[in-house]
Amino acid sequence: MSKIALYIRLSVEDQMKKDESESIINQRCYINDFLDRNVEFKGFSKEEYVDDGYTGTNEKRPAFQRMLEEVKQGKINAIIVKDLSRFMRDYIALGDYLENIFPFLGIRFIAINDGYDSFKEKGNGTDLDIQFKGLLYDFYTKDISQKVKTVTTQLKNQGKFLAWSPPLGYMKDPNDKHKIIIDKKTSWIVRKVFDLALKGLSTRKIATVMNAENIPTPNERKKELTNMDYEYVIVSSKNRNNPTWTNGTVTDILANENYTGTYVFNMQEKSVVTPGSFKFNPKDEWGRVYNHHEAIVTQEEFDEVQHIKKINIFMKGKNTDYEWRKKSPLQGFVRCPTCNHILGCVQSKRKRLDGSIRVHSYFSCRICKCNNVEHKNSRVDKLEEQVFALIKGKYGEVETKPEDKISAKDLEKKIEKLQLKKMSDFERYKLGKMTKDKFIQSKEQTDKEIEIIKDKIKLLSQKKETIQSDKLTRELMEKYVKAAICEGNEVKEIIWR
């Protein structure tokens with residue numbers, strides 16, 4: 001039986017506007033009414049694909065992806081939406097679907113409000129009016145994004161706290177969600193962290209103290225206040241059931257100016273159009289509202305801690321402040337067998353009797369160290385030798401025959417050319433320059449050639465190759481290894497790509 005997909009989408013921006021005409025219920029009724037009024041759809045089965053709270057500027061929508069997968073499997077014959085903006089707000093991507101993808105797959109696409117039906121269109125699948133509408137939807141989305149940013153910035157300048165969760169030590173006022181008040185249950189924790197820093201303790205030692213005293217972490221309290229069900233990102237050690245304090249957690253608290261009573265915002269610029277993307281703003285561009293809420297530490301205490309951070313080497317920056325990857329190609333790959341956390345590379349310098357400097361490099365686990373769990377450090381040179389030997393044993397030492405020296409990259413280029421040929425044949429067919437039978441015959445032949453080349457690429461990936469390097473490199477790690485589980489100077493396990 002033929003199947004029609006009813007695609008329905010409601011974004012966060014639509015919810016903010018409270019426009020009933022765009023609601024899920026309204027879209028459902030609107031599409032079903034259209035189907036009921038058109039006799040040609042009586043014999044079709046119907047299935048809804050609903051994305052609630054997803055932007056139309058990209059394709060990262062669960063119901064959208066599920067629908068496309070069923071389109072590829074030939075389970076769907078037609079797609080119906082209320083209007084083009086419900087399906088896609090990206091002008092270029094929308095045009096690609098309407099002009100190339102759907103016609104090629106034989107999918108009928110209908111946008112009711114826009115009066116668009118692909119079966120009634122001529123030429124390349126879209127007329128000029130539809131193209132302009134798509135372009136307008138694209139501009140509209142970018143305009144809305146900027147307007148949302150402007151409004152939120154104005155509200156923040158008025159002192160409205162808009163973050164979903166306040167920093168540790170504060171909670172939202174039950175009587176006003178845009179205000180924050182002292183959280184008596186955790187404010188003493190923030191006070192303790194600053195007191196220890198003012199006494200001269202390093203962030204690592206502060207984290208060790210917090211773990212030894214089993215003090216709740218910021219994430220534990222956040223989960224309690226927000227009722228959000230999420231897992232802690234660091235695997236707990238065998239000797240500790242609670243989440244772990246790290247020097248990074250302590251550093252974040254000590255750098256948070258909000259604890260002085262100043263509301264600090266716009267530290268980073270988030271994108272409404274592309275969820276999850278952001279960039280950090282310079283400190284002089286941060287917004288500030290002074291005397292906004294009750295302080296946990298004084299401005300003098302906060303400034304003193306920042307001064308300590310500058311003069312003490314143990315509080316200077318993070319790994320991103322220098323080219324840390326140059327220390328060892330294993331960095332970012334070596335993991336602890338106890339807590340599964342990535343091991344940090346540490347270097348110590350010792351002066352020899354002849355005046356020369358000896359640099360000793362080793363891997364250690366900061367999580368186990370914070371929890372006072374015994375962990376054997378690993379010498380970098382010993383681990384590099386073992387991992388390199390394991391890579392050569394699995395992937396190297398076999399010469400490639402001259403006739404097989406064509407690379408996977410060359411084969412992929414051939415596939416690209418064949419795909420272009422398919423598209424060119426399709427355009428010729430649409431313009432009447434190629435018969436349907438000849439187009440189908442050409443397409444089948446091209447598809448066979450593509451499958452043959454894909455099989456060759458698969459075989460190439462299984463072949464060993466001669467590894468030219470005489471030592472471990474980062475390129476080899478990124479090509480072959482996902483992780484290396486190490487304890488002491490021994491590689492316990494390699495997780496291959």
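Kindly establish whether Met67 is surrounded by 19 or more Cβ atoms within 10 Å (Cβ to Cβ), of a type in the set (A, V, I, L, M) and at pLDDT below 90.
No.
Take Leu105 and decide whether it is more than 25 Å from the chain's Cα centre (by Cα), modelled with pLDDT of 75 or more and within 30 Å of Lys177 (Cα to Cα).
no
For Pro275, state whether it is more than 23 Å from Cys365 (Cα to Cα), modelled with pLDDT under 90 and outside any strand (DSSP E or B).
So Pro275 passes the test.
Among the residues of the stretch 47-64, count how many are surrounded by 14 or more Cβ atoms within 10 Å (Cβ to Cβ), of a type outside the set (Phe, Trp, Tyr) and in a loop (DSSP other than H, G, I, E, B).
Count: 5.
I'd like to verify a number: residues in the stretch 8-51 that are under 29 Å from the mean Cα position of the chain (by Cα), at pLDDT 85 or above and within 14 Å of Asn113 (Cα to Cα), how many?
Looking only at that region, the number is 1.
Tally time: how many residues in the stretch 21-61 are β-branched (Val, Ile, Thr), under 11 Å from Arg9 (Cβ atoms) and touching a strand residue (DSSP E or B) at 6+ places or on another chain (Cβ under 8 Å)?
Residues meeting the conditions: 2.
Every residue in the stretch 162-176 that is surrounded by 11 or more Cβ atoms within 10 Å (Cβ to Cβ) and modelled with pLDDT of 85 or more, please.
Pro166, Pro167, Leu168, Gly169, Tyr170, Met171, Lys172, Asp173, Asp176
Looking at the stretch 461-472 only, could you name the residues that are modelled with pLDDT under 85 and buried (at least 16 other Cβ atoms within 10 Å of the Cβ)?
Ile467
Pairs, please: C-beta under 9 Å, at least 6 apart or cross-chain, first residue in contact (Cβ under 8 Å) with a residue 40 or more places away in the chain and in the stretch 185-196, second in a helix (DSSP H, G or I) and of a type in the set (D, E, K, R)?
Filtered contacts from the stretch 185-196: Phe194/Glu301.
Of all residues in the stretch 79-96, which are within 24 Å of Glu427 (Cα to Cα), surrounded by fewer than 21 Cβ atoms within 10 Å (Cβ to Cβ) and out of contact with any Leu (no Cβ under 6 Å at 6 or more places or on another chain)?
Once the filter is applied, which keeps residues that are within 24 Å of Glu427 (Cα to Cα), surrounded by fewer than 21 Cβ atoms within 10 Å (Cβ to Cβ) and out of contact with any Leu (no Cβ under 6 Å at 6 or more places or on another chain), the stretch 79-96 yields Asp90, Ile92, Ala93, Gly95, Asp96.
Rundown of residues vs (1) under 24 Å from the mean Cα position of the chain (by Cα); (2) among the hydrophobic types (A, V, I, L, M, F, W, C); (3) at pLDDT below 85, yes/no style:
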{"residue": "His292", "(1), (2), (3)": "no, no, no"}
{"residue": "Ile311", "(1), (2), (3)": "no, yes, yes"}
{"residue": "Phe314", "(1), (2), (3)": "no, yes, yes"}
{"residue": "Asn319", "(1), (2), (3)": "yes, no, yes"}
{"residue": "Leu330", "(1), (2), (3)": "yes, yes, no"}
{"residue": "Val334", "(1), (2), (3)": "yes, yes, no"}
{"residue": "Cys339", "(1), (2), (3)": "yes, yes, yes"}
{"residue": "Gly344", "(1), (2), (3)": "yes, no, yes"}
{"residue": "Ser356", "(1), (2), (3)": "no, no, yes"}
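In the stretch 343-374, what residues are free of Cβ contacts under 8 Å to residues at least 60 places away in the same chain, surrounded by 14 or more Cβ atoms within 10 Å (Cβ to Cβ) and β-branched (Val, Ile, Thr)?
Val346
The values are calculated or read from the model by the stated rules, or taken from the named source; none is laboratory data. Every value quoted in this text rests on a predicted model; they were computed, and no experiment measured them. Cβ sites come from the backbone with ideal geometry, for glycine too, and all protein chains shown count toward neighbours.
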